[in-house]
Amino acid sequence: MSSASTGTQPSKALAVEPEPGRRKLSTAKAIQEAISQRMTRDESVFVMGEDVGPYGGIFSSTTGLIDQFGPDRVIDTPISETAFIGLGIGAAVEGMRPVVELMFADFFGVCMDQIYNHMAKIHFESGGNVTVPMVLMTATGGGYSDGAQHSQCLWGTFAHLPGMKVVVPSNPYDAKGLMAAAIESDDPVVFMFHKGIMGLGWMAKNKRSIGAVPEEEYIVPIGKAKVAREGTDVTIVTLSLSVQHSLDVAEKLEAEGISVEVIDLRSLVPLDRDAIVRSVTKTGRLIVVDEDYQSFGLSGEIIAVVAEHDPTLLKSVSRVCVPDVPIPYARELEYAVLPTPARIEAAVREAVAR
């Protein structure tokens, strides 16, 4: 398909991911930069959602964009998710490349018909003749006493429904490259960022939420996991903020001679099954860390990937997930259900003891 037919200019993406360099950005700034660079070279890209304009997005995902591109391309919408997501779908079908922000992933319930019955299915239902090159960007995750309706991850729900790519970065470098890839994709992409990785001054943040990011445009390929840390004793497969927690645990346990390999999935759809199998083949022990609900979700899928490949690989397997309860508001109760570093460390110790 030519660039003219898709409404994009030829890609300036580098063939190989560049070295991060020394220039540092927060994840929020990296996302902003990716969107800005794509908007600069492609007039079909625009941003839409609640408070994405002068306010800059509730988690600073669009800060400064309205000053660069004006209100015609950075559009504040009324509080009607069904309406503005439907508008984004229509624009995508007609050749635009919208980046539409759903403020919290929890709000998908009021607009799921637009997301799953339209955004995800139009390409299939048209026999491949109509594309929907749209990015649905949304905030996920708990840890901030936001309560049961503002703290869920739900990436397993979106991944379960065919027709959409699902991207979940864990750090600034990947966030910029994955957002660029999402905007360039002719398929609809759900881009899910955890509040805890954004590097916002008013929220608790991990040290890796600010990191090296190249100034030039680049692509991080959707569907390719990353070995965030090499190890030999146990594999942790995870994503988003839990990558950062797992790296903290791995660094701590290294002093005791426990070698932890951390696999950052980076995307759920497509899922890099080969990377999971390669790591577990080496270590023989698997821990899946997931801030989504435990049952019927990602953790079971990851374990099934290994078991279906070769069940004899697994000397030990466990899950560190959110139990099947709504996310509590009270801080003590909330942290009791989240996959905290303490829970991850306990799982690693149990695994290597077997």
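Rolled with a 1.4 Å probe across the full set of protein chains, the surface gives Lys29 an accessible area near 100 Å². Backbone geometry of region 113-125 corresponds, through the Karplus equation with coefficients 6.51, -1.76 and 1.60 at θ = phi - 60°, to 3J(HN,Hα) couplings of 4, 5, 5, 8, 7, 10, 4, 7, 10, 4, 4, 5, 5 Hz, x marking Gly and Pro. Accessible surface comparison of Trp155, Trp202, probe 1.4 Å, protein chains only, largest first: the order is Trp202, Trp155.
Between Glu256 and Ser295, what is the FRET efficiency for a Förster distance of 30 Å, r being their Cβ-Cβ separation, to the nearest 0.05? So, using R0 = 30 Å, E works out to roughly 0.40. Compute the distance in nm between two label points, each set 7 Å from the Cα along the Cα-to-Cβ direction, one at Glu43 and one at Ala304. Simple spin-label model gives 4.7 nm for this pair.
Could you please report the charge total around Lys29, scoring K, R as +1 and D, E as -1 over all other residues with beta-carbon less than 11 angstrom from its beta-carbon? Working shown, then result.
Details: positive: Arg23, Lys24, Lys176; negative: Glu33.
Around Lys29, the surrounding residues sum to +2.
Spacing of the modelled spin labels on Val277 and Asn129, each 7 Å from Cα toward Cβ, amounts to 3.8 nm.
Rounded if a/c is under 1.5, else prolate if a/b is larger than b/c, else oblate: which is region 206-347, with a ≥ b ≥ c the root eigenvalues of its Cα gyration tensor? In terms of gyration-tensor shape, rounded.
With contacts taken as Cα pairs under 8 Å at a separation of at least 6 residues, region 261-344 carries a relative contact order of 29 percent.
Apply the a/c threshold of 1.5 to the C-alpha gyration tensor of region 239-282 and tell me whether it is rounded, prolate or oblate.
Because a/c hits 1.5 or more and a/b fails to exceed b/c, region 239-282 counts as oblate.
Applying 1/(1 + (r/R0)^6) with r as the Cβ-Cβ distance of Asp113 and Lys207 and R0 = 41 angstrom yields a FRET efficiency of 0.50. Which of rounded, prolate or oblate describes region 145-212 when judged by the alpha-carbon gyration tensor and an a/c cut-off of 1.5? In terms of gyration-tensor shape, oblate. Note on the chain: helix-only mean residue ellipticity at 222 nm, from DSSP H runs of 4+ residues weighted -39500 (n - 2.57) and normalised by residue number, equals -9500 deg cm²/dmol. Ranking Asp106, Asp310 from most to least accessible surface, computed with a 1.4 Å probe over the protein chains only, gives Asp310, Asp106. Taking amide H as placed 1.01 Å from N in the peptide plane, the amide H of Val166 sits under 5 Å from that of Val190, Leu268, Val269, each at least 5 places away or on another chain.
The lysine pair tally for region 154-237, using Cα distances under 18 Å and a gap of 8 or more places or different chains, is 9. Kirkwood-type hydrodynamic radius, the chain: 20.5 Å, calculated from all non-identical alpha-carbon pairs. Measuring with a 1.4 angstrom probe and ignoring ligands and nucleic acids, Glu216 comes out at about 90 Å² accessible. The residues packed around Ile122, meaning those with a beta-carbon under 14 Å from its beta-carbon, carry a net charge of -4 if Lys and Arg are +1 and Asp and Glu are -1.
Among residues other than Val348 whose Cβ falls under 9 Å from its Cβ, what is the net charge (Lys/Arg +1, Asp/Glu -1)?
-1
The heavy atoms of Lys121 offer some 50 square angstrom of accessible surface to a 1.4 angstrom probe.
The values are calculated or read from the model by the stated rules, or taken from the named source; none is laboratory data. Note that this is a predicted model, so its numbers are computed, not measured. With ideal geometry, Cβ positions are generated from the backbone for all residues, glycine too; neighbour counts draw on all protein chains shown. Surface areas here come from the heavy atoms of the whole protein model, side chains and all, with no ligands, DNA or RNA. Shrake-Rupley method; radii C 1.70, N 1.55, O 1.52, S 1.80 Å.
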